[in-house]
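Undergrad: My structure is below; once you've seen it, I'll send some questions.
The values are calculated or read from the model by the stated rules, or taken from the named source; none is laboratory data. Because the structure is a prediction, the values reported are computed rather than measured. Cβ placement follows ideal geometry from the backbone for every residue including glycine, while neighbour counts extend to all protein chains displayed. The protein model used for the area step is the full one, side chains on, heavy atoms only, and it has no ligands, DNA or RNA in it. Shrake-Rupley method; radii C 1.70, N 1.55, O 1.52, S 1.80 Å.
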Amino acid sequence: MTRQRVAVTGLGIVSPAGLDLNQNWETITSGKSCISHIEAIDTENLAVKIAGEVKNFSLSEDLLAAKEQPRYDRFIHFAIKAVDEALTNAGLKGDWQGYKEDMVGCILGVGMGGFPLIETNHKSFLERGPRRVSPFFIPAIIPNMASGLASIIFGIKGVNYTVSSACASSSHSIAAAAQEIISGTHDVVVTGGCESVVANLTIAGFSNMKALSKRNDEPEKASRPFDIDRNGFVMGEGAGVLVLENYDKAVARGAKIYAEVSGFASSSDAYHITAPHPEGEGASLCMTKALAHAGITPDQVGYINAHGTSTPLGDIGETKAIKKTFGDHAYNLNVSSTKSMIGHLLGAAGGVESLYCIMALHTGIIPPTANLDNVDPECDLNYTALKPQNKQVQYALNNSFGFGGTNSSLIFKRVD
């Protein structure tokens with residue numbers, strides 16, 4: 001069977017850096033931190049009071065009626081907005097351009113689901129009894145409702161499911177979607193992921209694991225990947241969505257092509273439920289397999305959007321993995337962590353960061369790592385500190401690693 005090529009023809013995003021693609025890219029390439037004090041919940045009893053929140057967001061009633069919006073958790077709202085922008089961007093909203101409806105699919109990643117509404121309904125249950133739990137509670141919070149509702153709203157009749165693999169959810173979704181195109185079982189797949197868990201339970205849980213930064217007095221400086229003073233990640237929220245399309249058919253219909261998905265791979269650390277392998281063995285295996293799948297050599301990659309969470313162990317492990325994979329070339333390529341500006345979007349991270357990878361290829365601008373003032377001696381690569389760099393690269397790689405030791409690497413190719 002001939003392997004079909006995979007084009008990226010649409011991009012949609014909601015993140016702390018903005019409510020659309022243009023606003024996001026302008027903010028990210030400026031190196032501006034979007035971390036601030038939490039406004040969505042009362043943080044008085046929480047040790048961590050900061051996050052990368054999406055501000056001033058509301059879902060258009062053209063997409064979902066006002067009376068129906070409270071029936072779905074915030075992560076689903078983000079997904080619908082990002083899918084709408086991506087399909088519009090691709091020229092496919094409301095018109096499949098000759099594609100059959102059952103050849104258009106939707107695969108979205110969600111790491112945790114609707115924690116805010118879980119908390120709200122649990123409180124109603126305890127205070128007012130079981131009859132006060134909303135009849136819409138279950139559809140409101142289950143992870144697959146992001147892809148499910150998107151499929152209903154936009155008339156997507158092909159594959160429709162959700163991948164949940166912690167912080168690698170979106171990246172695994174993109175790989176699964178790309179495989180649908182490669183195999184010829186679908187012509188178009190809407191993919192990426194979403195997350196919104198700025199909630200008391202999640203913040204308390206991550207905080208008690210000592211995973212979160214408690215730099216409450218300087219929120220804009222709290223997320224600092226590869227910096228010697230990093231002390232944990234900052235939670236973020238949002239959605240990043242790509243439209244993947246059969247390359248030849250996209251060209252035939254005159255679509256704008258942002259990039260090509262040229263390779264991907266997954267691996268397992270098989271080491272620990274939360275800590276990464278200290279030598280980056282699983283991560284290196286994942287990147288090596290992705291390079292092989294793309295059919296390229298390590299020296300062809302010019303940029304890596306790192307998982308780079310700003311945790312002491314994670315940043316060192318990923319640095320070692322990059323050096324193990326790329327050898328001497330590791331010091332020639334650009335690496336950056338956009339989590340330094342928007343925080344860690346958990347299940348949505350891979351979708352959002354893949355979009356930033358694609359925009360780096362498309363625009364020739366490498367986004368910076370913010371707050372990298374004092375580089376950890378054990379992190380000795382070119383992390384594109386503080387300022388963006390103008391540089392045309394042919395291939396970009398995005399890493400996403402999750403609890404349970406799950407790893408995903410995606411490789412994108414610039415299209416001239």
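Undergrad: Before we move on, is residue 82 in contact with a strand residue (DSSP E or B) (Cβ under 7 Å, 6 or more places away or on another chain) and either among the small types (Gly, Ala, Ser) or at pLDDT 95 or above (or both)?
TA: yes
Undergrad: Can you find even one residue in segment 10-17 that is of a type outside the set (Phe, Trp, Tyr) and surrounded by fewer than 24 Cβ atoms within 10 Å (Cβ to Cβ)?
TA: No, segment 10-17 contains no residue that is of a type outside the set (Phe, Trp, Tyr) and surrounded by fewer than 24 Cβ atoms within 10 Å (Cβ to Cβ).
Undergrad: Check off (1) in a loop (DSSP other than H, G, I, E, B); (2) more than 20 Å from the chain's Cα centre (by Cα) for residue 120 and give me the number that stays unchecked.
TA: The single condition residue 120 does not satisfy is (1).
Undergrad: Among the residues of segment 44-56, is there at least one that is within 18 Å of the chain's Cα centre (by Cα), surrounded by 14 or more Cβ atoms within 10 Å (Cβ to Cβ) and assigned to a helix (DSSP H, G or I)?
TA: Among the residues of segment 44-56, not one is within 18 Å of the chain's Cα centre (by Cα), surrounded by 14 or more Cβ atoms within 10 Å (Cβ to Cβ) and assigned to a helix (DSSP H, G or I), which makes the answer no.
Undergrad: Follow-up. Using the structure shown, decide if residue 140 is at pLDDT below 95, of a type in the set (Gly, Ala, Ser), in a helix (DSSP H, G or I) and in contact with a helix residue (DSSP H, G or I) (Cβ under 8 Å, 6 or more places away or on another chain).
TA: Judged against the criteria, residue 140 is a match.
Undergrad: Could you tell me which numbered condition residue 177 fails, if it satisfies all but one of (1) more than 20 Å from the chain's Cα centre (by Cα); (2) at pLDDT 95 or above; (3) among the small types (Gly, Ala, Ser)?
TA: For residue 177, the failing item is (1).
Undergrad: Looking at (1) farther than 30 Å from residue 262 by Cβ; (2) open to solvent by 20 Å² or more (accessible area, probe 1.4 Å); (3) not small (Gly, Ala, Ser), which one does residue 100 not meet, given that it meets all the others?
TA: Just one mismatch for residue 100, condition (1).
Undergrad: So in segment 18-35, with the set limited to residues that are surrounded by 16 or more Cβ atoms within 10 Å (Cβ to Cβ) and of a type in the set (Ser, Thr, Tyr), which one is farthest from residue 220 (Cα to Cα)?
TA: Step by step, filter segment 18-35, then rank; the result is 29.
Undergrad: Another question about this same structure. Condition first: touching a residue at least 60 places away in the same chain (Cβ under 8 Å) and either of a type in the set (D, E, K, R) or open to solvent by 50 Å² or more (accessible area, probe 1.4 Å) (or both). Now tell me which residues in segment 277-287 satisfy that.
TA: 285
Undergrad: Take the residues of segment 62-78 that are of a type in the set (D, E, K, R) and buried (at least 16 other Cβ atoms within 10 Å of the Cβ): which is nearest to the chain's Cα centre (by Cα)?
TA: 74
Undergrad: Could you give me the residue pairs with C-beta distances under 7 Å whose first residue belongs to segment 393-414 and is in contact (Cβ under 8 Å) with a residue 12 or more places away in the chain and among the charged types (D, E, K, R), whose second residue is outside any strand (DSSP E or B) and open to solvent by less than 10 Å² (accessible area, probe 1.4 Å) wherever it lies, and which are 6+ apart or on separate chains?
TA: That search, which allows pairs on different chains as well, returns 414/361; 414/393.
Undergrad: Looking for whichever is within 19 Å of the chain's Cα centre (by Cα), small (Gly, Ala, Ser) and modelled with pLDDT under 95 here; the options are 113, 109. Which one fits?
TA: Unique residue meeting the criteria: 113.
Undergrad: Considering only residues of segment 288-324 that are in contact (Cβ under 8 Å) with a residue 60 or more places away in the chain, in contact with a strand residue (DSSP E or B) (Cβ under 8 Å, 6 or more places away or on another chain) and of a type in the set (Val, Ile, Thr), which is nearest to residue 393 (Cα to Cα)?
TA: Only one residue fits best here, namely 301.
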